[in-house]
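The values are calculated or read from the model by the stated rules, or taken from the named source; none is laboratory data. This is a predicted model, so every value here is computed, not measured. As a convention, Cβ positions derive from the backbone with ideal geometry for all residues, glycine included, and neighbour counts pool all protein chains shown.
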Amino acid sequence: MAGRGKLIAVIGDEDTVTGFLLGGIGELNKNRKPNFLVVEKDTSITEIEETFKSFLARNDIAIILINQFIAEMIRHAIDAHMQSIPAVLEIPSKEHPYDASKDSILRRAKGMFSAEDFR
Amino acid sequence: MGVLREEDSCLLLDEKLLYFMDQLELLEGKRKTLNSLIEQGWFSISKARYSMGNKQVSALQFANEMEPLVSVHVRTLENDEVEFCAVRSSRKCNDKFVKEPTSIEDIGPQEEGIRRRRNTKSDVAEKKTSEDISSEKAPEVNPGRKRDHNPQQDPLKWFGILVPQSLKQAQSSFKQVIELSAEIAALQIVVLNARQELKHDLRNNDGSTGLNTSARLNEKEADVLSANESL
C-alpha cells in the first residue's frame, strides 16, 4: 500500500529519547507536534498522560515506546488502551530494569490462567 | 461420535495452547534482545558523554526541525493480526538536498565577492539588494539551505562534525532496537489474539464437555437401573 508510513513515538528519560532520536524516529517541525517527550524529574504526570493520549489520538503513530517506570505512572491510561494500533511497548530505563509482571500486554496475555481453564 | 468430537476439540485446544506458548516464548526472547540492545545503547551514550562532555550529549543538542528517517508500514491481515514493517528512508531525499546546495554555492561566492569589497554605503546597498535577491530565491534555496538545519540529516550531526565512535555505536544499537520494536509490536498482537481465541475455545469446550458428561452419566444410570431390574 503506497503512502507515507507511520511514526514511532517515544516517551522516556533523556538518554532513551536521545538514543531513539539518534536512530532516526524524531519528527519536529513548525506545523506538527513532536512525536517524543523527554520526561524529567519535574515533568508532571498530567503532562505525561496528556502526551500519551495525544499520541493515541494521532492516526500517524504506529508504535509508542515508553519507559516502564513512566508507564507505571499512567498505568490506568495504558490498561485502558485495547486497540492494536498504536502498539504500546514498555521498555526498561537506566534506573528501572524491565519487569515482565508489570507489562500490561503480558499481563493480559497471561490472563491469570486458572486451574479450571485446563480441566 | 460425541467422544470423537470431544477428542478433536481437545486436540485443537492443545494445538492452540502450544501455539500460544510458542509465540509467548518468542516474544520473551525478542524482548530480552531488545532490552540488552537498549542497555548497550545507553552504555555507548554514556561513553560518548564522558569523552565529549556532559552537556554535549543531551536534549540541548536536538535539532529545531527534524524529519523521521524511519517509518512504520502497518498492514492489517485477515485473522485480525497486524503486520508492522519498519522502513528506513533511502538516501534519495538526501541526494535532492545535495543537488540544491549548488545553487547556494553559486550565490555564496558572489556574495562573498561583494562582501569582500570595501564596506561603503553603496556596498551596503548592494548587499541589501543581493539579500533581497537571495530572499526572493529563498523558497527554492531553503530546502537545500537547510543543510545546516536539514531535517533529513543524520542525527549524529546534531552533536558535532567529529563524533566519537561510541556515539555511532549507540546509533547503531538504537537502529536495531527500532527494527526489533516493530517485530515485537506485531508479536504482541499475535499473542493477545491467540490468548483470546484460546479462552473462547476453552469456554465452548467446557460447555460441550459438560453436556457430554451429563449424557454419559444418564446412560450409565439407565444401564445400572436396567441391570437391577433384570436381577
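Here is how the numbers come out for the structure above:
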item: So B:ILE189, is it in contact with a strand residue (DSSP E or B) (Cβ under 7 Å, 6 or more places away or on another chain), touching a residue at least 24 places away in the same chain (Cβ under 8 Å), farther than 17 Å from A:GLY12 by Cβ and aliphatic (A, V, I, L, M); result: yes
item: Leading residue by the ranking (modelled with the highest pLDDT) among those in the range A:1-21 that are more than 8 Å from chain B (Cβ to nearest Cβ) and over 17 Å from the mean Cα position of the chain (by Cα); result: A:GLY3
item: Looking only at the range A:28-39, and only at residues there that are more than 9 Å from chain B (Cβ to nearest Cβ) and surrounded by fewer than 23 Cβ atoms within 10 Å (Cβ to Cβ), the one that is nearest to B:VAL177 (Cα to Cα); result: A:LEU37
item: Those residues of the range B:47-82 which are assigned to a strand (DSSP E or B) and surrounded by 14 or more Cβ atoms within 10 Å (Cβ to Cβ), in sequence order; result: B:MET66, B:VAL70, B:SER71, B:VAL72, B:HIS73, B:VAL74, B:VAL82
item: So A:THR16, is it more than 17 Å from B:ALA59 (Cα to Cα), surrounded by 16 or more Cβ atoms within 10 Å (Cβ to Cβ) and of a type in the set (S, T, N, Q); result: no
item: Qualifying positions in the range B:47-60 - within 8 Å of chain A (Cβ to nearest Cβ) and polar (S, T, N, Q); result: B:SER58
item: Sole residue being within 27 Å of B:VAL163 (Cβ to Cβ), part of a helix (DSSP H, G or I) and more than 7 Å from chain A (Cβ to nearest Cβ), chosen from B:GLU15, B:GLU39; result: B:GLU39
item: Criterion: under 30 Å from B:ASP14 (Cβ atoms), surrounded by fewer than 19 Cβ atoms within 10 Å (Cβ to Cβ) and among the polar types (S, T, N, Q) - qualifying residue of A:SER101, A:SER44, A:SER54; result: A:SER101
item: Criterion: in contact (Cβ under 8 Å) with a residue 40 or more places away in the chain, among the aliphatic types (A, V, I, L, M) and within 7 Å of another protein chain (Cβ to nearest Cβ) - qualifying residue of A:ILE70, A:ILE63, A:ILE25; result: A:ILE63
item: Of the criteria (1) of a type in the set (Asp, Glu); (2) touching a Pro at 6+ places or on another chain (Cβ under 6 Å); (3) more than 8 Å from every other protein chain (Cβ to nearest Cβ), which one A:ASP42 fails; result: (2)
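For every residue, the table says whether it meets (1) of a type in the set (A, V, I, L, M); (2) in contact with a Phe, Trp or Tyr (Cβ under 7 Å, 6 or more places away or on another chain); (3) assigned to a helix (DSSP H, G or I); (4) modelled with pLDDT under 80.
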position	(1), (2), (3), (4)
B:LYS168	no, no, yes, no
B:GLN171	no, no, yes, no
B:SER181	no, no, yes, no
B:ILE184	yes, no, yes, no
B:HIS200	no, no, yes, no
B:THR213	no, no, yes, yes
B:ASN228	no, no, yes, yes
